[in-house]
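Every number here is computed from the coordinates shown, using simple stated rules; none is lab data. As the structure is a computational prediction, the values presented were derived from the model and not from experiment. Here the Cβ positions follow ideal geometry from the backbone for every residue, glycine too, while neighbour counts run over all protein chains shown.
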Amino acid sequence: MKHVIIKAQILKFLKQLCYESNTSITIITHDLGVVAELADRVIVMYAGQIVEDTDVYSLFKNPKHPYTRGLLESTPTLDSRKELTSIEVQYLPW
């Protein structure tokens, strides 16, 4: 529980820092809760390639790429008792 409180304090600090300094920050994370809390724009990468570049609202409302949908479906929720969805590996042709 302590970790959740500290995380919330850090997110609040980062938002305040951006507001007060009129700047932006880049966050690299797999934590979609952090994305929802902090981001205006989101770039989703898969296998080192950008697969989706959108605003945060569109990402959660209508994800375009299968990897993005897999990330969203694999996020646990408190009220969900369903089995988490795994993300199938997609090999990119390079």
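Once a ≥ b ≥ c are taken as the square roots of the eigenvalues of the Cα gyration tensor of region 2-73, is the result rounded (a/c under 1.5), prolate (a/b larger than b/c) or oblate (a/b not larger than b/c)? Verdict is prolate for region 2-73.
Ordered by the count of other Cβ atoms within 10 Å of each Cβ, fewest first, 13, 60 give 13, 60. By the count of neighbouring beta-carbon atoms within 10 Å, fewest first, 41, 69 end up ordered 41, 69. Put simply, the amide H of residue 46, placed in the peptide plane, has neighbours under 5 Å in 51, leaving out anything fewer than 5 places away on its chain.
Sort 30, 65 so that the residue with the fewest other Cβ atoms within 10 Å of its own Cβ comes first and the one with the most comes last. Before the final figure, lay out each step's value.
Numbers: 30 9, 65 16.
Fewest-to-most ranking of 30, 65: 30, 65.
Along the axis of the charge dipole computed for region 2-73 (Cβ charges of +1 for Lys and Arg, -1 for Asp and Glu, origin at the Cα centre), the listed residues 34, 21, 46 are led at the positive end by 34.
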